[in-house]
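Below is one structure, written out as C-alpha cells, with a few remarks after it.
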C-alpha cells in the first residue's frame with residue numbers, strides 16, 4: 001500500500017519528503033542519486049525514511065545538491 005505525501009511528512013519529516021520528491025521529480029533512483037551526490041546508498045535510504053540520527057553535514061550536502069537549504073527557526077521560549 002502506498003502512503004500519501006501527508007503520511008510520509010507526518011512520520012519522516014519535511015527534509016525526507018523534500019529529498020524524496022526532488023529525487024522523483026529528477027527521475028533518479030536512490031542508488032544513482034546517492035552515488036552522484038557522493039553519499040552512501042544506505043545513508044540516502046535512511047534519509048528518505050526520516051531516520052532521526054543522521055550526520056547533518058551529509059544531510060546538508062544532499063539537500064543543497066537538490067537545490068534546497070536547511071534553516072533553523074526559533075520555536076519560542078524555553079520551558
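The values are calculated or read from the model by the stated rules, or taken from the named source; none is laboratory data. Fair warning: this is a prediction, and the values are worked out from it, not measured in the lab. Cβ placement follows ideal geometry from the backbone for every residue including glycine, while neighbour counts extend to all protein chains displayed.
Within region 23-64, if we keep just the residues that are at positive phi and out of contact with any helix residue (DSSP H, G or I) (no Cβ under 6 Å at 6 or more places or on another chain), the residue that is surrounded by the fewest Cβ atoms within 10 Å (Cβ to Cβ) turns out to be 27. Name the single residue, out of those in region 28-65 being in a loop (DSSP other than H, G, I, E, B) and farther than 14 Å from residue 14 by Cα, that is modelled with the lowest pLDDT. Residue satisfying both the conditions and the ranking: 53.
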